[in-house]
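The values are calculated or read from the model by the stated rules, or taken from the named source; none is laboratory data. Quantities reported herein were computed from a predicted structural model and do not represent experimental measurements. Please note: Cβ atoms are built from the backbone with ideal geometry, for glycine as well, and neighbour counts cover all protein chains shown.
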Amino acid sequence: MKTVLTFGTFDVLHVGHLRVLERAAALGERLVVGVSSDELNMQKKGRSPVFSQAERLQLVAALSCVDVVFLEESLDLKRDYLLRYGADILAMGDDWKGRFDEFSDICNVVYFERTPAVSTTAIIEKIRL
Ligand code: C2G
C-alpha cells in the first residue's frame, strides 16, 4: 500500500487545495496531510490564518480523498514526519518546486502545477472589497 504525504496550511479551503489533494491521493492508496500549525503559519507568512488550526484540521480531514491528518509544527521536521508516516511519495504544489528534493533519498518527491487564479490571499481581498 502506497502512502502519499503532503503539507500545507489550507487556510480558507478552496478548489486549488482540493485539486492538489485529489491529485496527491491518486498517486497512492493512503493520503496523509500535514496541516501547518497557527504558529508555523505566522512564521511562514507573517500573519495568523483566518481559520484556526483546529478548524483547518477538521476541514481537511473531512475531505473524502484524505485518510490521515496531523499538525505540522515545524518546517524542520519534514524528514521525521515522512519517516513517521511511512511516506512513499511526498507531493507538493510547484510553488515549492525543488525545495524538498533533499528527501528523495527516502521517498519519491513530486510537484504538481498550482491551480491558476485561486488563492487564499485573493479570496481574502475579494471579501474585503
Ligand atoms: N495550491 C495549489 N493551487 C493553488 C493554491 C494552493 O495547488 N491555487 C497548493 C499548494 O501548492 C500547496 C497546497 O495547495 O501544495 C497548500 O497550499 P498552502 O496552504 O498555501 O500551503 P503552504 O502554506 O505553502 O504550506 O511545508 C510546506 C508547507 O507547509 C506548505
- [ ] Look at residue 100 and say whether it is buried (at least 18 other Cβ atoms within 10 Å of the Cβ), within 14 Å of the chain's Cα centre (by Cα), within 13 Å of the ligand (Cβ to nearest atom) and of a type outside the set (Val, Ile, Thr).
- [x] yes
Task: Identity of the residue in region 84-95, free of Cβ contacts under 8 Å to residues at least 60 places away in the same chain and within 13 Å of the ligand (Cβ to nearest atom), that ends up nearest to residue 1 (Cα to Cα) - done: 94
Open item on the list: Based on this model, can you work out whether residue 81 counts as assigned to a strand (DSSP E or B), at pLDDT 95 or above and within 11 Å of the ligand (Cβ to nearest atom)?
Closed with: no
